[in-house]
1. Fewest Cβ neighbours within 10 Å first, please rank PHE71, PHE90, PHE137 accordingly.
2. Hey, how many Å between the Cα centroid of the stretch 99-160 and the Cα centroid of the stretch 50-64?
3. Run through every distinct alpha carbon pair of the stretch 54-159 and return the Kirkwood hydrodynamic radius in angstroms, one decimal place.
4. Pairs of alpha-carbon atoms within less than 8 angstrom and 6+ residues apart define the contacts here; what relative contact order does the chain have, in percent?
5. Compute the normalised compactness of the stretch 62-107: alpha-carbon radius of gyration over 2.2 N^0.38 Å, N being the residue count.
6. Taking a 23 Å limit on the Cα-Cα distance, which of the listed pairs LYS13/LYS75; LYS70/LYS144; LYS13/LYS76; LYS13/LYS159; LYS75/LYS159; LYS76/LYS159 fall beyond it?
7. Once fully extended, how much extra length lies between ALA24 and PHE36, figured as 0.36 nm per residue of separation less the alpha-carbon to alpha-carbon distance?
8. Given R₀ = 35 Å, what would the calculated FRET efficiency be for THR47 paired with PHE78, taking r from the Cβ atoms and rounding to 0.05?
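Readers should treat all values here as calculations from the given coordinates under stated rules, not as data from a laboratory. Since we're looking at a predicted model, the values are computed, not measured. Cβ coordinates were reconstructed from backbone atoms using ideal geometry, including for glycine residues, and neighbour counts include every protein chain displayed.
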Amino acid sequence: MKNLFIYKQSRGKRILTHILFWVAYILFFVFQVSFFSKETNYFNTITSLTLTAVVDISAAYFTVYFLLPKFLFTKKYFLFALFFLVSAAFAIIMQRVVLYYISYPLLYPDYTSSTKPFWYINPFYSFVNIYTVVGFFASIKLLKYWYHNQQLKSELENKN
């Protein structure tokens, strides 16, 4: 179970693939913001998205490389749901910490803490914001896992 998602690809290629995935993720939102906003400060946009992407990336790797193999694939569904919900709540709060204490003061000094308090969070929006990419990332990994298992199954059938 340890190397569940690691196949024949070399370590360097895997790291490069992951880096390219996350860079593409950030650039997708940079282009989206620039397309829908009349005045785009690209430095602030890229910096803000990169800062919050740290939370998204952490949530994705925790879900895919810890929660799925440890709980979901071992059919511990209640524990999977419990740890998923706890980790989602933690990710939502961490995203707010990054925005409220780092991104806003650094990049948007006009946005003051008196405008909206720290606990002014829309948990549904934050969950969708973070876990859309987690779901996409997990889908890629699950498809690779399924494909690998189909290859193994086919090899076993051919041997018999």
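1. Working: PHE71 18, PHE90 14, PHE137 22.
Final ranking by Cβ density, sparse to dense: PHE90, PHE71, PHE137.
2. Rounded to whole Å, the Cα centres lie 6 Å apart.
3. Details: mean 1/r = 0.0625 Å⁻¹.
Mean inverse Cα-Cα distance, inverted, gives 16.0 Å.
4. Values: 83 pairs, mean separation 45.0, N = 160.
Taking the mean separation of contacting Cα pairs over the length of the chain, I get 28 percent.
5. Working: Rg = 14.4 Å, N = 46, 2.2 N^0.38 = 9.4 Å.
Relative to the rule-of-thumb radius for its length, the stretch 62-107 sits at 1.52.
6. On the way: LYS13/LYS75 31 Å; LYS70/LYS144 18 Å; LYS13/LYS76 32 Å; LYS13/LYS159 31 Å; LYS75/LYS159 29 Å; LYS76/LYS159 33 Å.
Violating the 23 Å limit, Cα to Cα: LYS13/LYS75; LYS13/LYS76; LYS13/LYS159; LYS75/LYS159; LYS76/LYS159.
7. Numbers: separation 12, 0.36 × 12 = 4.32 nm, distance 1.83 nm.
Extra length available between ALA24 and PHE36 comes to 2.5 nm.
8. Details: r = 40 Å, r/R0 = 1.14.
Plugging the Cβ-Cβ distance into 1/(1 + (r/R0)^6) gives 0.30.
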